[in-house]
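Worksheet: one structure, shown below.
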């Protein structure tokens with residue numbers, strides 16, 4: 001799974017200094033652990049991707065995260081960096097979900 005390798009090799013974003021990102025940071029961390037857990041279980045053969053019913057919902061949750069980021073007022077270069085890093089990481093998670101969904105339908 002190429003998406004898993006890219007995800008695994010990318011560091012989780014630094015925790016933002018601004019409290020205004022706390023909801024988005026918490027949401028990203030929850031999604032990260034959930035999606036990584038599913039991917040590891042599929043890779044290790046403990047579960048088949050087709051047996052993970054929430055794959056479609058996880059993509060929706062990533063969209064909600066993007067909405068949270070959109071609602072934050074960016075006031076500094078640090079804020080801009082945080083939004084960019086969170087979105088880049090979200091894209092890695094989205095790619096991993098797409099790959100898992102492909103496995104589920106094969």
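No value in this document is a laboratory result; all are computed from the given coordinates. All figures in this text were calculated on a predicted structure; none of them were measured in a lab. Because the Cβ atoms are built from the backbone with ideal geometry, glycine has one as well, and the counts that use them run over all protein chains shown.
Relative to the longest principal axis of the Cα atoms of the chain, the long axis of helix 22-43 makes an angle of roughly 20 degrees. How high is the FRET efficiency between residue 26 and residue 106 when r is their beta carbon distance and R₀ equals 30 Å, given to the nearest 0.05? Efficiency computed from Cβ-Cβ geometry: 0.35. The angle separating the long axis of helix 55-71 from the principal Cα axis of greatest extent in the chain is about 10 degrees. With neighbour counts taken as other beta-carbon atoms within 10 Å, the residues 19, 50 rank, fewest first, as 19, 50. Against the set (i) 25; (ii) 30; (iii) 73, the structure's computed percent of Cα pairs over 24 Å apart falls on (i). For the residues 45, 67, 37, a GNM of the chain with alpha-carbon springs under 10 Å puts the largest fluctuation on 45.
Each of 51, 66 was scored by other Cβ atoms within 10 Å of its Cβ. Listed from fewest to most, they are 51, 66. Exposure proxy shown here: for 15, 89, the number of other Cβ atoms within 10 Å sets the order, fewest to most, as 15, 89. Between residue 68 and residue 44, full extension at 0.36 nm per residue minus the direct alpha carbon distance yields a gain of 5.3 nm.
Quick check: the angle from helix 77-104's long axis to the longest principal axis of the chain, C-alpha only, nearest 10 degrees? So the inclination is approximately 10 degrees. Relative contact order of the chain: 48 percent, from C-alpha pairs under 8 Å at least 6 residues apart in sequence. Working note: 222 nm ellipticity from helices only, DSSP H runs with n ≥ 4, each -39,500 (n - 2.57), summed and divided by the residues of the chain, gives -23500 deg cm²/dmol to the nearest 500.
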